[in-house]
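Notes follow once the structure below has been shown.
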Amino acid sequence: MCGIIGYTGHRPAVPVLVEGLRRLEYRGYDSAGVAYVQNGEMSVLRAEGKLASLEEKVAGVSHHLATTGIGHTRWATHGVPVERNAHPHVDNSGRLAMIHNGIIENFEEQREWLKERGYHFNSDTDSEVLVNLISEGMKADRSLPEAISWALGRVEGAYAIVVLDCTDPERLYAARHASPMVFGKGVGENFVASDIPAFLPYTREVIFLDDDELVELTPSSWRVMDVKTLEPVEKTIDHINWDVQAAQKGGYKHFMLKEIFEQPKVITDCFAGRINMQDMSVQLPELESLAAPKRLHILACGTSYHAGMWGKYLIESWARIPVSVEIASEFRYRDLILDEDDVVLSISQSGETADTLAGMRRAKEFGATIIGLCNVVGSSVAREADHVLYTQAGPEISVASTKAMCSQLVLLYLLAMHWGRQKKTLPDDVRDNAVKSILALPTVLETELPRLRTRATELSRLYSASHSFMYLGRGFQFPLALEGALKLKEISYIHAEGYASGEMKHGPIALIDPEFPTFALALHDELFLKVKSNLEEVQARGGRIIALTHPGLDLNVTDPWIIPELWGPLDSFMALSCLQLFAYEVADYLGKDVDQPRNLAKSVTVE
Ligand code: F6R
């Protein structure tokens, strides 16, 4: 998630911008930059890596006369995290500089269109395409706001942009669509930013911009317009009374909770540009040159491994490809049987997990083709894989992985559809349902999340004194049972075991007594009656049960948790949120350091 700040006022702009970017650092970034106008000339300073590198560059030049500017911290989505891809981007004429947060889905088409008109590009980004599109818009005698409106009418996707014009250096324009943007109203100065902490030391008067609004700022004036018609829009001013730290977490107590609540947006961002509504097909250009594999090996650790297990069920069912799912730390040391026809799918949020990387490298020695499925652009997995699929989930700050798994499931779902179509094994009606249902999922999940959290809180109060938990599930819900147990033990330090429900009678049932509760996934699918009979065995031994279940199912358990029924495999997304929220609420109730559990670091990069 990129960080954005724009300033116009009476202070030297560059220190305000750099300081604002510092307060947005928690969002994660891999490069940073600022643009300002001094003596009528546009200056752009950009640096790869941490803000300190940008600060070094800033310290080496004179900028104190510039009182308007824009600043950006970039989390790579298009193009590797190097200086030429860092923002701000300048149009070919050198007149406009722009910062952008979001993803322009049809940027390739627009880039080709601009190239035909003589434009050249210095970066791999969608953002440089957009600033040149605005510039092209101005050629037809449009004013800058008209050109912004025209250019934004041509692009599809998500954006929050701020534009600086060196011929009118006190004026900024900012617009948004499906990416956050807030305007800060000061005295003799005004701000825009992706998040309030960027300008909180200067003003607490804010206006939240809505989708498709454009704001024009000078030090002493502001007006909000509809980006399509440029007609004025009435806005109300809100007063902020949070402190900076709370605001960085968007008002959530922990990053883990914030990231769970980001999941609807993460799902949208993950399928953005990957579904063609005309023929209901999945577009994965990254895999264009690769035929559907004869055999697939999924390689991962921890939560990513659970995502891989879930993917196996779907890829086998929709694409009829045999899939083995491998714990990377085992795979890398095994006496492997692989050849050039094998395809290995390495799943890793960070793209830096040592075992996953080592497993990939071993598979390469056998000539296998490697697909990386990861979140961090330019990470080792991404660089070393033959093909890369990015989850586009934004940085995950909490150590316990939540939204990353959600995005991995989306991509595995799309992958199963993609190969199912290639192999003609996915019936048209299933494909149509799969597309329609996943498009509707973010809204349903967003509506339900507050209710799910309330139930998770109630249950956490009833169960947090337990010392051990059993998590049970079958089919798609089995990997989720493993994930639920992992989340609980990882952040609350309560022992938990995940089992395939059918395995319970082969030993673990001996553990069940009134002190040893079970968290069951008993959703409405073809295995429901089997799960139900497993739960009856638990009850017969006096075990208390929390059961995630659907309305209308005949299930008699201690604490049912009834969630809306979705379509087929998509029920797993709602269930996953419940498991994450329950673990979160238990850990928080027990006073644990939820975002930074003991003995754990974000990615396990050491041997
Ligand atoms: C659990 C968790 C870990 C990671 C695992 C793999 O909440 O975060 O189990 O899933 O260390 O990390 P990546 O996906 O970065 O390879």
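Quick notes on this one:
- Only one entry of Tyr499, Tyr493, Tyr471 meets the criterion of being open to solvent by 50 Å² or more (accessible area, probe 1.4 Å) and within 16 Å of the ligand (Cβ to nearest atom), and that entry is Tyr493.
- Here Ser221 passes the criteria (1) more than 27 Å from Glu25 (Cβ to Cβ); (2) within 25 Å of the chain's Cα centre (by Cα) except the one numbered (2).
- Of all the residues in the stretch 294-322, those that are within 16 Å of the ligand (Cβ to nearest atom), of a type in the set (Val, Ile, Thr) and not in a helix (DSSP H, G or I) number 1.
- Hey, Val343 within 12 Å of the ligand (Cβ to nearest atom) and closer than 26 Å to Ala291 by Cβ or not: no
- When Glu396 is tested against (1) touching a residue at least 60 places away in the same chain (Cβ under 8 Å); (2) on the phi < 0 side of the Ramachandran plot; (3) buried (at least 19 other Cβ atoms within 10 Å of the Cβ); (4) more than 13 Å from the ligand (Cβ to nearest atom), only condition (4) is not met.
- Some residue of the stretch 323-331 being farther than 30 Å from Pro427 by Cβ, free of Cβ contacts under 8 Å to residues at least 24 places away in the same chain and in a helix (DSSP H, G or I): yes
- Enumeration of residues in the stretch 1-33 that are under 17 Å from the mean Cα position of the chain (by Cα) and part of a helix (DSSP H, G or I): Glu25, Tyr26, Arg27
- Of the strands (runs of 3 or more DSSP E) that lie entirely inside the stretch 138-238, those containing 1 or more residues that are touching a Pro at 6+ places or on another chain (Cβ under 8 Å) span 159-165, 172-177, 190-193, 213-217, 222-226.
- The stretch 369-393, residues that are within 10 Å of the ligand (Cβ to nearest atom) and of a type in the set (A, V, I, L, M, F, W, C): Leu373, Cys374, Val376, Val381
- Remark: Glu352 matches the filter, which requires a residue to be within 16 Å of the ligand (Cβ to nearest atom), open to solvent by 10 Å² or more (accessible area, probe 1.4 Å) and acidic (Asp, Glu).
- Test for Ser289: is it surrounded by fewer than 15 Cβ atoms within 10 Å (Cβ to Cβ) and either assigned to a strand (DSSP E or B) or small (Gly, Ala, Ser) (or both): yes
- Here Leu480 meets each of (1) within 20 Å of the chain's Cα centre (by Cα); (2) open to solvent by 10 Å² or more (accessible area, probe 1.4 Å); (3) within 16 Å of the ligand (Cβ to nearest atom) with one exception, condition (2).
To keep it simple, each residue is scored yes or no on (1) open to solvent by 20 Å² or more (accessible area, probe 1.4 Å); (2) over 29 Å from Lys487 (Cβ atoms); (3) in contact with an Asp or Glu (Cβ under 7 Å, 6 or more places away or on another chain).
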site	(1), (2), (3)
Ile298	no, no, yes
Ser304	no, no, no
Lys312	yes, no, no
Ile327	yes, no, no
Thr356	no, no, no
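- Candidate set: the stretch 323-339, residues that are among the acidic types (Asp, Glu) and over 27 Å from the mean Cα position of the chain (by Cα); chosen: the one nearest to the ligand (Cβ to nearest atom): Glu330
- Restricting Lys487, Lys403 to those that are touching a helix residue (DSSP H, G or I) at 6+ places or on another chain (Cβ under 9 Å), modelled with pLDDT of 95 or more, more than 24 Å from Val282 (Cα to Cα) and open to solvent by less than 10 Å² (accessible area, probe 1.4 Å) reduces the list to Lys487.
- Scanning the stretch 253-286 for residues that are of a type in the set (A, V, I, L, M) and touching a helix residue (DSSP H, G or I) at 6+ places or on another chain (Cβ under 7 Å) turns up Met256, Leu257, Ile260, Val266, Ile267, Ile275, Met280, Val282, Leu284.
- Residue within the stretch 542-552 that is hydroxyl-bearing (Ser, Thr, Tyr), under 23 Å from Ala465 (Cβ atoms) and not in a helix (DSSP H, G or I) present: no
- The stretch 550-581 - residue that is acidic (Asp, Glu) and within 21 Å of Gln539 (Cβ to Cβ) and, of those, most open to solvent (accessible area, probe 1.4 Å): Asp554
- Check on Gly591, more than 23 Å from the chain's Cα centre (by Cα) and more than 22 Å from Tyr499 (Cβ to Cβ): yes
- For the stretch 1-26, a residue qualifies if it is at pLDDT below 90 and open to solvent by 20 Å² or more (accessible area, probe 1.4 Å), and the qualifying residues are Met1, Arg23, Glu25, Tyr26.
- Taken as a whole, the structure leaves Ser281 outside the set of residues that are within 13 Å of the ligand (Cβ to nearest atom), in contact (Cβ under 8 Å) with a residue 40 or more places away in the chain, of a type in the set (Ser, Thr, Tyr) and in contact with a strand residue (DSSP E or B) (Cβ under 9 Å, 6 or more places away or on another chain).
- Output for the stretch 184-195, where each listed residue is in contact (Cβ under 8 Å) with a residue 24 or more places away in the chain, more than 20 Å from the chain's Cα centre (by Cα) and surrounded by 24 or more Cβ atoms within 10 Å (Cβ to Cβ): Asn190, Phe191, Val192
The values are calculated or read from the model by the stated rules, or taken from the named source; none is laboratory data. Keep in mind the model is a prediction, meaning the values are calculated, not measured. Ideal geometry is used to build each Cβ from the backbone, glycine not excepted, and the neighbour counts take in all protein chains shown. The accessibility values were calculated without ligands, DNA or RNA, using every heavy atom of the protein model including side chains. Shrake-Rupley method; radii C 1.70, N 1.55, O 1.52, S 1.80 Å.
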